[in-house]
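I have placed the structure first, in the form of structure tokens, so that the comments after it can refer back to it.
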Amino acid sequence: MFELFKIPAMCVLGVYGVMGMGMLCRKGEWITRETSDVMFRLVVNLLSPCLIASKVIGNEAFQDPRNLYFPPLTGVGVVVLGLVVGWLCACVLPKSLSGMTTSRQLGTFAVCVGMLNYGYVPIPLLQDLYPGDDKLLAVLFLQNVGTEFALWTLCVFVLVGRFDREALLKVVNVPSMAIVGSVLINVFGLDEYVPTLVMKPIHMLGQAAIPISLLFVGAIIVDCIDRKQIAAELGYFTRVGIISCILRLGVLPVLIILAARYLPCSRELKIVLVIHASMASAIFPIVMTKLYKGCIKTALATVLTNTFVALITTPVWIALGLRLIDRT
């Protein structure tokens, strides 16, 4: 059992180590707010699509029909589960215990608990845990189509109480188009006609996506930490942080791993679900909270606490989850 825990633990430490370097770079002003914005556009519009294309085009995972429709459906399902659990818990708990008294606080909490790290952290973990198995990454990318859809529809609805047409249009972005386009190339058997001269630079650029993304995430964490606000409302941050960790890093992993154990899906998707189950809250909902006028302090308390506690819980859930699905 220790060996089963040791491997994911080392993988998680490696990922968090690069994020830590990003934090140091931001602290030392090697990465500024301006360069951070440039990094974000570079990752989203060039490096991530190249990584997706290099791993999906010609991938044998899509010879299994289940890997065409199950991943996006489970991507939506995992977010829906998180939103429901977060919202119900926030509503049921006594307000004196949670400190959340307004609909803005409840909606923000539900979104931050419901949305998990679905891209930049799971990708390197899968690469380290299963080196050379590109089937897993291909399935992860397709699942993330469903996750992105849920992010810009259901999560926005929970934050503002209505569907936002502008937010819905954001589902159509460069990474999602790269995923759909790459899958269609496979479905129509066109992958063998893509020249090596094209795939070679795409592969090289894709290799740069993860380290740069993790540096960017580390820099964003530093920008999100407001020490004065945390100190001023330490009681609220502590209560919300503890509740969010119990849900995001305790209750939801159990439910998602059980789903992975019993769903009639492929081995690749079961593994991806276990990795997603172990993830902390995503950092991007902090940006969404600012954009859609949610409760910033609730978002910070949830996301920042989850991010650091997950350093301990993530390898535990990966070890337990992989052991459980191996029995199927």
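The values are calculated or read from the model by the stated rules, or taken from the named source; none is laboratory data. If you're wondering where the values come from, they're calculated on a predicted model, not measured in any experiment. Methodologically, a virtual Cβ is constructed for each residue, glycine included, from the backbone with ideal geometry; neighbour enumeration extends over all protein chains shown. Just so you know, the surface numbers come from the protein's heavy atoms only, side chains and all, with ligands and any DNA or RNA stripped out. Shrake-Rupley method; radii C 1.70, N 1.55, O 1.52, S 1.80 Å.
Assuming charge only on the beta carbon of Lys and Arg (+1) and of Asp and Glu (-1), the dipole of region 1-118 about its Cα centre is about 320 debye to the nearest 20.
Under Stokes-Einstein, with the Kirkwood radius over Cα pairs as Rh, the value for region 188-266 at 20 °C and 1.002 mPa s is 121 µm²/s. A 1.4 Å probe run over the protein chains yields, for region 15-91, 49 Å² of accessible area per residue, whole-number rounding.
Full extension of the chain between residue 103 and residue 246 yields a length gain of 49.4 nm, computed as 0.36 nm times the residue separation minus the alpha carbon distance.
Apolar share of the accessible surface for region 170-324: 74 percent from carbon plus sulfur atoms, 1.4 Å probe. Just the number, please: Stokes-Einstein D of region 264-328 in µm²/s, Kirkwood Rh from C-alpha pairs, 20 °C, 1.002 mPa s. Rounded to a whole number, D works out at 160 µm²/s. For the chain, modelled as a GNM whose springs connect Cα atoms under 10 angstrom apart, the maximal fluctuation among 94, 71, 175 occurs at 94.
Placing +1 on the Cβ of every Lys and Arg and -1 on the Cβ of every Asp and Glu, with no other charges, gives the chain a dipole of roughly 940 debye about its Cα centre.
Residue-wise HN-Hα couplings along region 168-176, as the Karplus relation 6.51 cos²θ - 1.76 cosθ + 1.60 with θ = phi - 60° gives them from phi, are 4, 5, 6, 4, 7, 10, 4, x, 5 Hz; Gly and Pro carry x. The H on the amide N of residue 295, modeled in the peptide plane, is under 5 Å from the matching H of 108, each at least 5 residues off or on a different chain. Evaluated on the chain, the Kirkwood hydrodynamic radius is 20.1 Å, with distances taken between all distinct Cα atoms.
The listed residues 66, 26 rank as 66, 26 when sorted by accessible area, largest first, using a 1.4 Å probe. Expressed as a whole percent, the accessible surface of region 67-155 that belongs to carbon and sulfur atoms is 70, based on a 1.4 Å probe. Per-residue Karplus couplings for region 81-94, computed as 6.51 cos²θ - 1.76 cosθ + 1.60 with θ equal to phi - 60°, are listed in order as 4, x, 5, 5, 4, x, 5, 4, 5, 5, 6, 7, 4, x Hz, Gly and Pro entered as x.
Under 5 Å from the amide H of residue 116 lie the amide H atoms of 282, each residue being 5 or more positions distant or on a separate chain, with H modelled from the backbone and absent for Pro and chain starts. Quick check: the distance between the Cα centres of region 91-159 and region 254-328, to the nearest angstrom? Taking the Cα centre of region 254-328 as reference, the centre of region 91-159 is 7 Å away.
In this simple spin-label model, placing a label point 7 Å from the Cα along the Cα-to-Cβ direction at both residue 66 and residue 130 gives a separation of 1.3 nm. Among 95, 228, 290, the largest mean-square fluctuation in a Gaussian network model of the chain, built with springs joining Cα atoms closer than 10 Å, belongs to 228.
Computed packing ranks the peptides 12-20, 107-115, 240-248, 311-319 as 107-115, 240-248, 311-319, 12-20, most packed first, by mean other Cβ atoms within 10 Å. Placing unit charges on the Cβ atoms only, positive for Lys and Arg and negative for Asp and Glu, gives region 1-62 a dipole magnitude near 120 debye about its Cα centre.
Rg/Rh, computed from the Cα trace of region 1-86 with Rh as the Kirkwood radius, has the value 1.08.
In plain terms, if you count all Cα to Cα distances in region 136-269 and split them into 5 Å steps from zero, the share in each step is 2, 7, 8, 12, 17, 18, 15, 9, 5, 3, 2, 1, 0 percent. Positive end of the dipole of region 176-328, charges at C-beta (+1 Lys, Arg; -1 Asp, Glu), about the Cα centre: which of 202, 183, 311 has its Cα farthest in that direction? Most positive-ward Cα: 311.
Calculated translational diffusion coefficient of region 104-192 (10 °C, 1.306 mPa s; Stokes-Einstein with Kirkwood radius over alpha-carbon pairs) equals 107 µm²/s.
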